[in-house]
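Engineer: The structure's right below; bear with me while I get my questions together.
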Amino acid sequence: MIRAIVTSWVLGAGLLFAVPAWSHHSNVAYEVTKVITVSGVVKEFEWVNPHTWLHIVAEDGKGGKVEWACEGRAPSILSRAGWSKGALKPGEMVTVDMSPAKDGTPTGIIARVTKADGTILSNQPQFQ
């Protein structure tokens, strides 16, 4: 009986500590060894946890437009690197350096954002 109780507690504790680790995803969907550059107009900048999102509309090379969803770090990390909720405004022209999605969808992980006035926003020293 005691053995069953102890086993239940151990399994329960294991599950309790496994859930936070499982809930956070990795960068496996992105080509992290590759950086592409996309210029476009800010549609929206989402200052949300656990990751910020920058949506830009860019030319697709065929005369059309494509919306890119660019994943950023958490607001707490970006604020320490000089970013703010109002750092990027709709209608503003930006150039985004990012690691693209492996599946070819228009999304990526932000390495650096360069604004039209030359201001660089990055949380990675190699991209400052």
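Only the coordinates and a few stated rules stand behind these numbers; no lab work does. It should be emphasised that the depicted structure is a prediction, and the values quoted were computed from it without experimental measurement. Positions of Cβ are backbone-derived with ideal geometry, glycine not excepted, and every protein chain shown enters the neighbour counts.
Engineer: Which value, in Å to one decimal place, does the Kirkwood hydrodynamic radius take for segment 36-127 when every pair of different Cα atoms is included?
Structural biologist: Roughly 13.1 Å, rounded to one decimal.
Engineer: Loop only by DSSP, 16 or fewer other Cβ within 10 Å of the Cβ. Give me the trypsin sites (Lys or Arg not before Pro) in segment 33-128 that pass, ordered by residue number.
Structural biologist: Those satisfying the criteria are Lys34, Lys62, Lys85, Lys102.
Engineer: Can you give the extra length, in nm with one decimal, that the chain gains between His51 and Val66 once fully stretched, where that is 0.36 nm per residue apart less the Cα-Cα distance?
Structural biologist: Going from the current span to full extension adds 3.2 nm.
Engineer: Continuing with the same structure: Measure up Lys43/Lys115; Lys65/Lys89; Lys43/Lys65; Lys62/Lys89; Lys85/Lys115 against 21 Å on the Cα-Cα distance and list the ones that go over.
Structural biologist: Lys62/Lys89, as the Cα separations exceed 21 Å there.
Engineer: For Thr33 paired with Ser76, estimate the spin-label separation in nm (one decimal), with each label point 7 Å from Cα along the Cα-to-Cβ line.
Structural biologist: Result for the modelled spin labels: 3.3 nm.
Engineer: Straight-line reach from Lys102: which aspartates and glutamates have a Cα under 16 Å away, not including same-chain ones fewer than 8 places off?
Structural biologist: Straight-distance partners of Lys102: Glu31, Glu71.
Engineer: I'd like the distance separating the alpha-carbon centroids of segment 28-57 and segment 82-101, in whole Å.
Structural biologist: Spelled out, the Cα-based centre of one part sits 7 Å from the other.
Engineer: Here's something else I'd like to know. Relative contact order (percent) for segment 65-128, with alpha-carbon contacts under 8 angstrom and 6 or more residues of separation?
Structural biologist: 33
Engineer: Pulled fully out, how much extra length does the chain show between Asp117 and Thr95, if you take 0.36 nm times their separation in residues and subtract their Cα-Cα distance?
Structural biologist: 6.8 nm
Engineer: At q = 0.21, 0.29 Å⁻¹, what log₁₀ I(q)/I(0) does a Debye calculation on the Cα points of segment 82-128 give, no solvent, two decimals?
Structural biologist: -0.78, -1.14
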